Protein chains: 2
Amino acid sequence: MGTHFRGTAAQVRALDAYIKLQRAAESVGARVCAHLATDALTVGQFGVLEALLHLGPLCQRDLGAKLLRTGGNMTMVGDHLEARGLVARRRDARNRRFVTVALTAAGRRLIARVFPRHAAAIAHELAALRPQEQVALGRLCRRVGRGKPAE
Amino acid sequence: MGTHFRGTAAQVRALDAYIKLQRAAESVGARVCAHLATDALTVGQFGVLEALLHLGPLCQRDLGAKLLRTGGNMTMVGDHLEARGLVARRRDARNRRFVTVALTAAGRRLIARVFPRHAAAIAHELAALRPQEQVALGRLCRRVGRGKPAE
DNA sequence: GGATAATGATTCAAGCTTAAACGATACGAG
DNA sequence: CTCGTATCGTTTAAGCTTGAATCATTATCC
(Lines give C-alpha, C1' and ligand atoms only; values in the text may rest on other atoms or scores of the structure.)
Protein backbone atom coordinates (compact mmCIF):
# COMPACT_ATOMS: atom_id res chain seq x y z
CA MET A 1 0.00 0.00 0.00
CA GLY A 2 2.88 2.39 -0.73
CA THR A 3 1.95 5.87 -1.75
CA HIS A 4 3.66 6.14 -5.17
CA PHE A 5 4.53 9.63 -4.10
CA ARG A 6 7.92 11.29 -4.24
CA GLY A 7 8.38 13.83 -1.50
CA THR A 8 10.42 14.46 1.60
CA ALA A 9 10.79 11.59 4.06
CA ALA A 10 8.57 13.41 6.53
CA GLN A 11 5.84 13.85 3.93
CA VAL A 12 5.98 10.23 2.85
CA ARG A 13 5.77 9.07 6.46
CA ALA A 14 2.83 11.34 7.25
CA LEU A 15 1.03 10.41 4.03
CA ASP A 16 1.45 6.73 4.72
CA ALA A 17 0.05 7.04 8.24
CA TYR A 18 -2.82 9.21 7.00
CA ILE A 19 -3.87 6.78 4.29
CA LYS A 20 -3.80 3.86 6.67
CA LEU A 21 -5.83 5.79 9.21
CA GLN A 22 -8.49 6.68 6.65
CA ARG A 23 -8.71 3.24 5.16
CA ALA A 24 -8.81 1.50 8.50
CA ALA A 25 -11.64 3.74 9.69
CA GLU A 26 -13.54 3.15 6.46
CA SER A 27 -13.05 -0.62 6.30
CA VAL A 28 -13.70 -1.28 9.97
CA GLY A 29 -16.64 1.10 9.98
CA ALA A 30 -18.25 -0.64 7.02
CA ARG A 31 -17.84 -4.07 8.56
CA VAL A 32 -19.07 -2.94 11.96
CA CYS A 33 -22.14 -1.17 10.57
CA ALA A 34 -23.19 -3.95 8.20
CA HIS A 35 -25.63 -5.33 10.77
CA LEU A 36 -27.64 -2.08 10.80
CA ALA A 37 -29.32 -3.09 7.54
CA THR A 38 -31.10 -5.82 9.51
CA ASP A 39 -33.24 -3.12 11.11
CA ALA A 40 -33.23 -0.73 8.14
CA LEU A 41 -31.16 1.80 10.06
CA THR A 42 -28.63 4.09 8.44
CA VAL A 43 -25.39 4.99 10.19
CA GLY A 44 -26.66 8.51 10.82
CA GLN A 45 -29.92 7.28 12.29
CA PHE A 46 -28.11 4.81 14.51
CA GLY A 47 -25.83 7.59 15.73
CA VAL A 48 -28.76 9.72 16.81
CA LEU A 49 -30.53 6.86 18.58
CA GLU A 50 -27.34 5.84 20.34
CA ALA A 51 -26.61 9.39 21.50
CA LEU A 52 -30.13 9.71 22.88
CA LEU A 53 -29.84 6.34 24.62
CA HIS A 54 -26.60 7.14 26.36
CA LEU A 55 -26.96 10.89 26.91
CA GLY A 56 -30.71 11.35 27.27
CA PRO A 57 -32.87 13.89 25.36
CA LEU A 58 -30.92 16.54 23.50
CA CYS A 59 -31.71 19.55 21.39
CA GLN A 60 -30.76 19.25 17.74
CA ARG A 61 -27.88 21.64 18.08
CA ASP A 62 -26.22 19.55 20.78
CA LEU A 63 -26.96 16.41 18.83
CA GLY A 64 -25.21 17.85 15.79
CA ALA A 65 -22.25 18.92 17.91
CA LYS A 66 -21.93 15.43 19.39
CA LEU A 67 -22.11 13.72 16.02
CA LEU A 68 -20.06 16.30 14.09
CA ARG A 69 -22.95 16.98 11.71
CA THR A 70 -24.71 20.13 10.52
CA GLY A 71 -28.05 21.36 11.74
CA GLY A 72 -29.67 20.69 8.40
CA ASN A 73 -28.58 17.10 8.67
CA MET A 74 -30.11 16.74 12.12
CA THR A 75 -33.38 18.09 10.80
CA MET A 76 -33.50 15.47 8.06
CA VAL A 77 -32.43 12.49 10.15
CA GLY A 78 -34.85 13.62 12.84
CA ASP A 79 -37.63 13.75 10.23
CA HIS A 80 -37.00 10.16 9.24
CA LEU A 81 -36.74 8.86 12.79
CA GLU A 82 -39.87 10.75 13.77
CA ALA A 83 -41.77 9.36 10.78
CA ARG A 84 -40.85 5.88 11.97
CA GLY A 85 -42.02 6.70 15.47
CA LEU A 86 -38.59 6.18 17.01
CA VAL A 87 -38.12 9.71 18.39
CA ALA A 88 -40.38 12.56 19.46
CA ARG A 89 -39.55 16.26 18.97
CA ARG A 90 -40.84 19.05 21.16
CA ARG A 91 -40.21 22.78 21.24
CA ASP A 92 -38.51 23.80 24.45
CA ALA A 93 -40.96 25.87 26.51
CA ARG A 94 -38.32 28.14 28.04
CA ASN A 95 -36.47 28.88 24.84
CA ARG A 96 -38.68 28.32 21.87
CA ARG A 97 -35.75 28.21 19.47
CA PHE A 98 -34.70 24.80 20.72
CA VAL A 99 -36.22 21.50 19.65
CA THR A 100 -35.67 18.69 22.11
CA VAL A 101 -35.36 15.21 20.64
CA ALA A 102 -36.11 12.19 22.80
CA LEU A 103 -36.52 8.46 22.28
CA THR A 104 -40.02 7.08 22.18
CA ALA A 105 -40.74 3.75 23.85
CA ALA A 106 -40.40 2.05 20.47
CA GLY A 107 -37.15 3.90 19.79
CA ARG A 108 -35.75 2.87 23.13
CA ARG A 109 -36.72 -0.75 22.55
CA LEU A 110 -35.09 -0.74 19.14
CA ILE A 111 -31.80 0.85 20.13
CA ALA A 112 -31.60 -1.26 23.29
CA ARG A 113 -31.83 -4.30 21.06
CA VAL A 114 -29.48 -3.07 18.32
CA PHE A 115 -26.72 -1.52 20.40
CA PRO A 116 -25.40 -4.72 22.01
CA ARG A 117 -25.05 -6.18 18.51
CA HIS A 118 -23.08 -3.11 17.53
CA ALA A 119 -20.80 -3.34 20.56
CA ALA A 120 -20.21 -7.02 19.84
CA ALA A 121 -19.30 -6.25 16.23
CA ILE A 122 -16.83 -3.61 17.37
CA ALA A 123 -15.26 -5.97 19.90
CA HIS A 124 -14.97 -8.59 17.18
CA GLU A 125 -13.19 -6.20 14.81
CA LEU A 126 -10.89 -4.77 17.45
CA ALA A 127 -9.91 -8.29 18.47
CA ALA A 128 -7.36 -7.97 15.66
CA LEU A 129 -5.36 -6.00 18.23
CA ARG A 130 -4.31 -7.07 21.69
CA PRO A 131 -5.88 -5.06 24.55
CA GLN A 132 -2.74 -3.03 25.09
CA GLU A 133 -2.58 -2.20 21.40
CA GLN A 134 -6.20 -1.06 21.39
CA VAL A 135 -5.34 1.40 24.13
CA ALA A 136 -2.29 2.58 22.21
CA LEU A 137 -4.36 3.06 19.05
CA GLY A 138 -6.92 5.07 20.98
CA ARG A 139 -4.26 7.32 22.44
CA LEU A 140 -2.62 8.01 19.09
CA CYS A 141 -5.96 8.65 17.40
CA ARG A 142 -6.99 11.02 20.13
CA ARG A 143 -3.84 13.07 19.83
CA VAL A 144 -3.89 13.32 16.06
CA GLY A 145 -7.63 14.00 16.07
CA ARG A 146 -7.22 16.89 18.48
CA GLY A 147 -4.77 18.54 16.15
CA LYS A 148 -2.31 19.71 18.79
CA PRO A 149 1.40 20.01 18.01
CA ALA A 150 3.81 17.20 18.94
CA GLU A 151 5.75 18.65 21.88
CA MET B 1 -14.98 11.22 25.51
CA GLY B 2 -16.06 8.23 27.61
CA THR B 3 -18.60 5.92 26.09
CA HIS B 4 -21.41 6.06 28.68
CA PHE B 5 -21.77 2.38 27.99
CA ARG B 6 -21.93 -0.42 30.52
CA GLY B 7 -20.51 -3.65 29.17
CA THR B 8 -17.65 -6.02 29.70
CA ALA B 9 -14.18 -4.53 30.09
CA ALA B 10 -13.20 -5.90 26.69
CA GLN B 11 -16.22 -4.30 25.04
CA VAL B 12 -15.61 -0.95 26.67
CA ARG B 13 -11.98 -1.02 25.62
CA ALA B 14 -12.81 -1.92 22.03
CA LEU B 15 -15.61 0.63 21.85
CA ASP B 16 -13.36 3.36 23.14
CA ALA B 17 -10.65 2.61 20.59
CA TYR B 18 -13.24 2.38 17.81
CA ILE B 19 -14.82 5.73 18.59
CA LYS B 20 -11.44 7.43 18.75
CA LEU B 21 -10.42 5.86 15.45
CA GLN B 22 -13.58 7.04 13.71
CA ARG B 23 -13.48 10.53 15.13
CA ALA B 24 -9.80 10.98 14.42
CA ALA B 25 -10.28 9.92 10.81
CA GLU B 26 -13.23 12.25 10.44
CA SER B 27 -11.67 15.28 12.11
CA VAL B 28 -8.28 14.96 10.46
CA GLY B 29 -9.86 14.20 7.11
CA ALA B 30 -12.05 17.28 7.27
CA ARG B 31 -9.12 19.54 8.16
CA VAL B 32 -6.85 18.01 5.54
CA CYS B 33 -9.42 18.26 2.75
CA ALA B 34 -10.54 21.81 3.53
CA HIS B 35 -8.16 23.21 0.92
CA LEU B 36 -9.91 21.30 -1.89
CA ALA B 37 -12.69 23.90 -1.94
CA THR B 38 -10.13 26.34 -3.35
CA ASP B 39 -10.31 24.46 -6.63
CA ALA B 40 -13.95 23.37 -6.33
CA LEU B 41 -12.93 19.74 -5.97
CA THR B 42 -14.85 17.24 -3.86
CA VAL B 43 -13.05 14.55 -1.90
CA GLY B 44 -14.23 11.91 -4.33
CA GLN B 45 -13.07 13.87 -7.36
CA PHE B 46 -9.69 14.49 -5.76
CA GLY B 47 -9.36 10.79 -5.02
CA VAL B 48 -9.90 9.87 -8.66
CA LEU B 49 -7.47 12.48 -9.95
CA GLU B 50 -4.84 11.43 -7.43
CA ALA B 51 -5.20 7.75 -8.29
CA LEU B 52 -4.82 8.53 -11.98
CA LEU B 53 -1.79 10.70 -11.30
CA HIS B 54 0.06 8.08 -9.28
CA LEU B 55 -1.16 4.90 -10.96
CA GLY B 56 -1.76 5.97 -14.54
CA PRO B 57 -4.95 5.35 -16.59
CA LEU B 58 -7.37 2.86 -15.04
CA CYS B 59 -10.67 1.31 -15.94
CA GLN B 60 -13.56 2.33 -13.73
CA ARG B 61 -13.73 -1.01 -12.05
CA ASP B 62 -10.12 -0.80 -10.86
CA LEU B 63 -10.64 2.80 -9.87
CA GLY B 64 -13.58 1.79 -7.70
CA ALA B 65 -11.60 -1.04 -6.16
CA LYS B 66 -8.72 1.31 -5.31
CA LEU B 67 -10.99 3.92 -3.75
CA LEU B 68 -13.39 1.47 -2.06
CA ARG B 69 -16.34 2.88 -4.01
CA THR B 70 -19.09 1.34 -6.09
CA GLY B 71 -19.24 1.31 -9.87
CA GLY B 72 -22.20 3.64 -9.89
CA ASN B 73 -20.21 6.14 -7.93
CA MET B 74 -17.33 5.97 -10.39
CA THR B 75 -19.73 6.66 -13.24
CA MET B 76 -21.04 9.80 -11.55
CA VAL B 77 -17.69 11.19 -10.41
CA GLY B 78 -16.29 10.41 -13.87
CA ASP B 79 -19.18 12.31 -15.44
CA HIS B 80 -18.40 15.41 -13.43
CA LEU B 81 -14.65 15.24 -14.04
CA GLU B 82 -15.21 14.67 -17.74
CA ALA B 83 -17.63 17.59 -17.94
CA ARG B 84 -14.90 19.79 -16.46
CA GLY B 85 -12.40 18.47 -18.97
CA LEU B 86 -10.13 16.97 -16.32
CA VAL B 87 -10.35 13.34 -17.48
CA ALA B 88 -11.07 11.54 -20.74
CA ARG B 89 -12.93 8.22 -21.00
CA ARG B 90 -12.46 5.73 -23.77
CA ARG B 91 -13.88 2.27 -24.42
CA ASP B 92 -11.17 -0.37 -24.38
CA ALA B 93 -10.79 -1.73 -27.91
CA ARG B 94 -9.91 -5.28 -26.86
CA ASN B 95 -12.68 -5.64 -24.31
CA ARG B 96 -15.49 -3.25 -25.00
CA ARG B 97 -16.95 -3.65 -21.53
CA PHE B 98 -14.12 -1.63 -20.00
CA VAL B 99 -13.93 2.14 -19.93
CA THR B 100 -10.44 3.51 -19.43
CA VAL B 101 -10.19 6.78 -17.55
CA ALA B 102 -7.13 8.98 -18.02
CA LEU B 103 -6.06 12.48 -17.02
CA THR B 104 -6.25 15.18 -19.68
CA ALA B 105 -3.49 17.77 -19.85
CA ALA B 106 -5.68 20.14 -17.85
CA GLY B 107 -6.42 17.42 -15.31
CA ARG B 108 -2.76 16.64 -14.91
CA ARG B 109 -1.92 20.29 -14.44
CA LEU B 110 -4.62 20.68 -11.80
CA ILE B 111 -3.77 17.62 -9.72
CA ALA B 112 -0.04 18.32 -10.00
CA ARG B 113 -0.74 21.71 -8.48
CA VAL B 114 -3.23 20.54 -5.83
CA PHE B 115 -1.52 17.40 -4.58
CA PRO B 116 1.53 19.06 -2.99
CA ARG B 117 -0.86 21.25 -1.02
CA HIS B 118 -2.65 18.12 0.11
CA ALA B 119 0.56 16.39 1.15
CA ALA B 120 1.62 19.48 3.06
CA ALA B 121 -1.73 19.60 4.89
CA ILE B 122 -1.35 15.95 5.85
CA ALA B 123 2.20 16.47 7.10
CA HIS B 124 0.97 19.44 9.11
CA GLU B 125 -1.80 17.39 10.76
CA LEU B 126 0.39 14.38 11.43
CA ALA B 127 2.96 16.63 13.05
CA ALA B 128 0.84 16.15 16.16
CA LEU B 129 2.66 12.82 16.43
CA ARG B 130 6.39 12.18 16.47
CA PRO B 131 7.75 10.26 13.47
CA GLN B 132 7.99 7.03 15.42
CA GLU B 133 4.39 7.41 16.60
CA GLN B 134 3.19 7.99 13.05
CA VAL B 135 4.73 4.68 12.08
CA ALA B 136 3.13 2.98 15.07
CA LEU B 137 -0.28 4.45 14.19
CA GLY B 138 0.07 3.24 10.62
CA ARG B 139 0.92 -0.28 11.75
CA LEU B 140 -2.00 -0.51 14.16
CA CYS B 141 -4.43 0.90 11.60
CA ARG B 142 -3.24 -1.51 8.99
CA ARG B 143 -3.75 -4.50 11.22
CA VAL B 144 -7.19 -3.51 12.41
CA GLY B 145 -8.21 -2.50 8.91
CA ARG B 146 -7.23 -5.86 7.52
CA GLY B 147 -9.50 -7.59 9.97
CA LYS B 148 -7.17 -10.47 10.82
CA PRO B 149 -7.23 -12.08 14.27
CA ALA B 150 -4.79 -10.94 16.97
CA GLU B 151 -2.29 -13.78 17.15
C1' DG C 1 -38.14 49.73 25.62
C1' DG C 2 -36.62 49.31 21.01
C1' DA C 3 -33.15 48.51 17.36
C1' DT C 4 -29.67 45.32 16.40
C1' DA C 5 -27.16 41.17 16.62
C1' DA C 6 -26.85 36.33 17.57
C1' DT C 7 -28.76 31.72 17.74
C1' DG C 8 -31.57 27.42 16.54
C1' DA C 9 -34.18 25.18 13.20
C1' DT C 10 -35.71 24.62 8.53
C1' DT C 11 -35.43 24.63 3.58
C1' DC C 12 -33.04 24.28 -0.75
C1' DA C 13 -29.66 23.00 -4.31
C1' DA C 14 -25.87 20.32 -5.24
C1' DG C 15 -23.22 16.42 -4.93
C1' DC C 16 -21.90 11.95 -2.76
C1' DT C 17 -22.97 7.15 -1.89
C1' DT C 18 -25.16 2.83 -2.04
C1' DA C 19 -27.95 -1.17 -3.66
C1' DA C 20 -30.58 -3.01 -7.18
C1' DA C 21 -32.03 -3.48 -11.86
C1' DC C 22 -30.63 -3.31 -16.56
C1' DG C 23 -28.13 -3.52 -21.16
C1' DA C 24 -23.95 -4.61 -23.55
C1' DT C 25 -20.13 -7.46 -23.95
C1' DA C 26 -17.23 -11.45 -23.19
C1' DC C 27 -16.41 -16.15 -21.79
C1' DG C 28 -17.21 -21.14 -21.31
C1' DA C 29 -19.46 -25.60 -21.61
C1' DG C 30 -21.58 -28.51 -24.57
C1' DC D 1 -21.42 -22.35 -32.87
C1' DT D 2 -24.75 -21.34 -29.21
C1' DC D 3 -26.81 -20.83 -24.95
C1' DG D 4 -26.10 -19.65 -20.32
C1' DT D 5 -23.34 -17.16 -17.15
C1' DA D 6 -20.33 -13.64 -15.56
C1' DT D 7 -18.55 -9.01 -15.82
C1' DC D 8 -18.51 -3.89 -16.68
C1' DG D 9 -20.77 0.26 -16.94
C1' DT D 10 -25.04 2.89 -16.49
C1' DT D 11 -29.30 4.20 -14.51
C1' DT D 12 -32.52 4.85 -10.77
C1' DA D 13 -34.37 5.54 -6.13
C1' DA D 14 -33.32 6.56 -1.61
C1' DG D 15 -30.82 8.68 1.82
C1' DC D 16 -26.78 11.32 3.59
C1' DT D 17 -24.22 15.60 3.87
C1' DT D 18 -22.98 20.25 3.30
C1' DG D 19 -23.33 25.36 2.80
C1' DA D 20 -26.20 29.15 2.06
C1' DA D 21 -30.46 31.49 2.63
C1' DT D 22 -34.44 32.21 5.53
C1' DC D 23 -37.59 32.49 9.56
C1' DA D 24 -38.54 32.63 14.44
C1' DT D 25 -36.85 33.54 18.77
C1' DT D 26 -33.73 35.36 22.12
C1' DA D 27 -29.99 38.29 23.78
C1' DT D 28 -27.57 42.61 23.77
C1' DC D 29 -26.75 47.34 23.61
C1' DC D 30 -28.11 52.07 23.83
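The values are calculated or read from the model by the stated rules, or taken from the named source; none is laboratory data. Given the structure is predicted, the values throughout are model-derived calculations rather than measurements. Counting neighbours? That spans all protein chains shown, and the Cβs are built from the backbone with ideal geometry, glycine included. Areas reflect the complete protein model, heavy atoms only, side chains present, ligands, DNA and RNA absent. Shrake-Rupley method; radii C 1.70, N 1.55, O 1.52, S 1.80 Å.
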ask   = By how many degrees, 0 to 90 and rounded to 10, does the Cα axis of helix A:131-146 deviate from the longest principal axis of chain A?
value = 80 degrees
request  = Give the interface area between chains B and A as buried accessible surface, both sides summed, probe 1.4 Å, in Å² to the nearest 100.
outcome  = 5300 Å²
task = Shortest first and in nm with one decimal, please list how far the residue A:38 label point sits from its counterparts in the other copies (point 7 Å along Cα→Cβ).
result = 4.7
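How big is the Cα convex hull of chain A in projection, averaged over all directions, in nm²?
Approximately 12.4 nm², given one-decimal rounding.
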request  = Every other copy gets compared here: list the nm distances from the residue A:130 label point (7 Å along Cα to Cβ) to its counterparts, shortest first, one decimal.
outcome  = 2.1
key: Most mobile listed residue (B:113, B:96, B:61) in chain B, GNM with C-alpha springs under 10 Å   = B:96
inquiry  = If you rotate chain B onto chain A, whose Cβ in B ends up lying nearest the axis, and how many Å away is it?
reply    = B:25, 2
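Find out how many positive minus negative residues lie around residue B:109, taking Lys and Arg as positive, Asp and Glu as negative, among other residues whose Cβ is under 13 Å from that of residue B:109.
Charge balance near residue B:109 sits at +2.
Return one quarter of the surface area of the convex hull spanned by the alpha-carbon atoms of the range A:5-91, equal to its mean projected area, in nm².
7.8 nm²
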query = How long is the gain from residue B:75 to residue B:43 if the chain were fully straight, where each residue apart is worth 0.36 nm and the alpha carbon distance is subtracted?
reply = 10.0 nm
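Could you tell me which trypsin sites (Lys or Arg not before Pro) in the range B:1-50 are loop residues by DSSP with no more than 12 other beta carbons within 10 angstrom of their beta carbon?
Passing sites in the range B:1-50 are B:6.
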remark   = Helix-only [θ] at 222 nm, the protein assembly as shown, -39500 (n - 2.57) per DSSP H run of 4+, per residue, nearest 500, equals -21500 deg cm²/dmol
ask   = Within the accessible area of chain B, what % is carbon and sulfur when the probe is 1.4 Å and the other protein chains stay in place?
value = 55 percent
query = What does the accessible area per residue of the protein assembly as shown come to in Å², with a 1.4 Å probe and no ligands, DNA or RNA counted?
reply = 54 Å²
query = What is the calculated FRET efficiency for residue B:97 to residue A:10, with r their C-beta to C-beta distance and R₀ = 30 Å, to the nearest 0.05?
reply = 0.10
